[in-house]
Amino acid sequence: MLGWLSKTVNAIQGVAPKKKTTLTKEELEDVLLEADVEYDLVEIILRELHGDKIRREQVRSKLLVTLTWAKYKIPEHTAPFIDLIVGVNGAGKTTTISKLAARYLNEDKTVLLGAADTFRAAAIEQLTLWANRLNIPIVATKQGHDPSAVAYDAIESAKAKNIDHVIIDTAGRLHTQKNLANELQKIVRICDKAHKNAPHRKMLIIDGTQGNSAISQARSFNEMINIDGIIITKLDGTAKGGSIFSIAYALKMPILFVGVGEQPSDFITFDKYQFVDTFLDAIFIGEDEDSNKPTFISASKTEANHTEIEEVSQEEETPQEEISSEPTLEEISRLHALAGEDKKRLVERLKNDGYDLLSRHFVRDQNTWNDYKLFVNEQECQWEIHAKDAKVLKTYPLR
């Protein structure tokens, strides 16, 4: 069990509180979307699954396919090995650099830091602080100086001192996106000039709490300098762990490490098999789990269950005069089926309000591209659009 996935597991159990041996496609769709797997990828996964009852091994094979690009091999090189770290401000670059440095130190390697984010004075100060804490050398300059010169000096210093690893920080933003692209590309060229084939690994830091919204920024960085791998941070504080599948599949590049806390030890190599198995453990019954335990089944609106409810508590009996206003069994079935003319009318009403119908369970805002749950309220005989906090955004009565 991966402890850092606990919030994602809790989110999954919110839509699938009872683990099963098989799931319907609708149930699996709910689970994947709740874990923040991108809808387009959910559609692909569901399309590739055959049969009405989906078993664990079927889902496992499809999820592992999304992580096909998780393999990474360190390229041949002569020391020092140069890591170039990129990512937007706030993603956790400085903390990640310190964790990576600590990891190298634990492997009895020597490390030098290069503070090439000269756009922010705070970035230089923070990285210097970490270098002092770890008792490792750092090459830094004042705010506004040429970052590529810092990168060059860091590599030259490491070569002179026989350092094993150099980790170079970079700016997360500049005045324009074009300026940032030009700067990063220049740093890459200067690194190669200072040390052949450097940087040997260009790693992008992604904030895990952003979920799928991080994909677009990742694509931008990849277009600038061809990213070699990804580090996802802050995964211990988010219920969006499923976005890992979307990020890996969309970018087709390996996820190298995940950050799951503030301590140096909270920086682990990403294991796709362990990740997928932990994810599925929240949904499916394992071989060692008792599938014959008694379960509690919600009473449906059948005559038999209606009789049982009356026997339990006569006080809760619905007044006779209100029965006629309650939805019929046929209406409730129509709400859940969402087919034919009902679906056609709802699609039209959603479009008028700026939403697209994705499935029987989800809609998408046409402006923000945020996905929201489409909830069936049997008591009010209506469909409702719910936000993540369960706030009702829109209602659509069946009648």
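The values are calculated or read from the model by the stated rules, or taken from the named source; none is laboratory data. Small disclaimer: the values here were computed from a predicted structure and weren't measured. Here Cβ is always computed from backbone atoms with ideal geometry, including for glycine, and neighbour counts include all displayed protein chains. Surface areas here come from the heavy atoms of the whole protein model, side chains and all, with no ligands, DNA or RNA. Shrake-Rupley method; radii C 1.70, N 1.55, O 1.52, S 1.80 Å.
Of the accessible area of region 151-191, computed with a 1.4 Å probe over protein heavy atoms only, carbon and sulfur atoms account for 47 percent. Quick note on region 140-235: its Rg to Rh ratio, both from C-alpha atoms and Rh being the Kirkwood radius, is 0.98. Put simply, the C-alpha atoms of region 331-398 give a gyration tensor, and the ellipsoid matching it has half-axes of 18, 14, 9 Å, longest first.
Between amide H atoms placed 1.01 Å from N, distances below 5 Å from Leu398 occur with Gln382, Trp383, all of them 5 or more places distant or on a separate chain. Against the chain, whose longest principal axis is taken from its Cα atoms, helix 214-225 shows a tilt of about 30°. Simple spin-label estimate for Asn106 and Lys7 gives 2.2 nm between the two label positions (7 Å along the Cα-to-Cβ direction from each Cα).
Estimated from the Cβ-Cβ distance and a Förster radius of 22 angstrom, the FRET efficiency linking Leu49 and Ser333 is about 0.30. Comparing region 17-146 with the 2.2 N^0.38 Å rule of thumb, its C-alpha radius of gyration ratio is 1.60 (two decimals). Per residue, the convex hull around the alpha carbon atoms of the chain comes to 181 Å³.
Using only Cα coordinates, the Kirkwood hydrodynamic radius of region 106-188 works out to 13.0 Å. With a cut-off of 10 Å between beta carbons, the residues surrounding Leu63 carry a summed charge of +2, where Lys and Arg count +1 and Asp and Glu -1.
Each part reduced to its alpha carbon centroid, region 202-266 and region 51-129 end up 9 Å apart. According to the Cα-based calculation, Rg over Rh for region 56-103 is 1.14, with Rh computed by the Kirkwood formula.
Extension gain for the segment Asn162 to Lys178, taken as residue separation times 0.36 nm less the Cα-Cα distance, is 2.2 nm to one decimal.
Here is the tail figure for region 215-282: Cα pairs spaced more than 19 Å apart come to 34 percent of all pairs. Annotation: amide H of Gly229 within the under-5 Å range of Lys202, Leu204, sequence separation 5 or more or interchain, hydrogens built in the peptide plane. For region 182-238, the Cα-based Rg and Dmax, in that order, read 13.3, 41 Å. From the square roots a ≥ b ≥ c of the eigenvalues of the alpha-carbon gyration tensor of region 145-198, which class results: rounded (a/c under 1.5), prolate (a/b over b/c), or oblate? Prolate is the answer for region 145-198, as a/c is 1.5 or above and a/b outweighs b/c.
In a GNM of the chain with a 10 Å cut-off on Cα contacts, which of Arg345, Arg60, Arg219 has the highest mean-square fluctuation? It is Arg345.
Computed over protein heavy atoms with a 1.4 Å probe, the carbon and sulfur contribution to the accessible area of region 1-144 reaches 49%. Excluding ligands, DNA and RNA, the accessible surface per residue across the chain is 52 Å² with a 1.4 Å probe. Spacing of the modelled spin labels on Lys71 and Thr141, each 7 Å from Cα toward Cβ, amounts to 4.2 nm.
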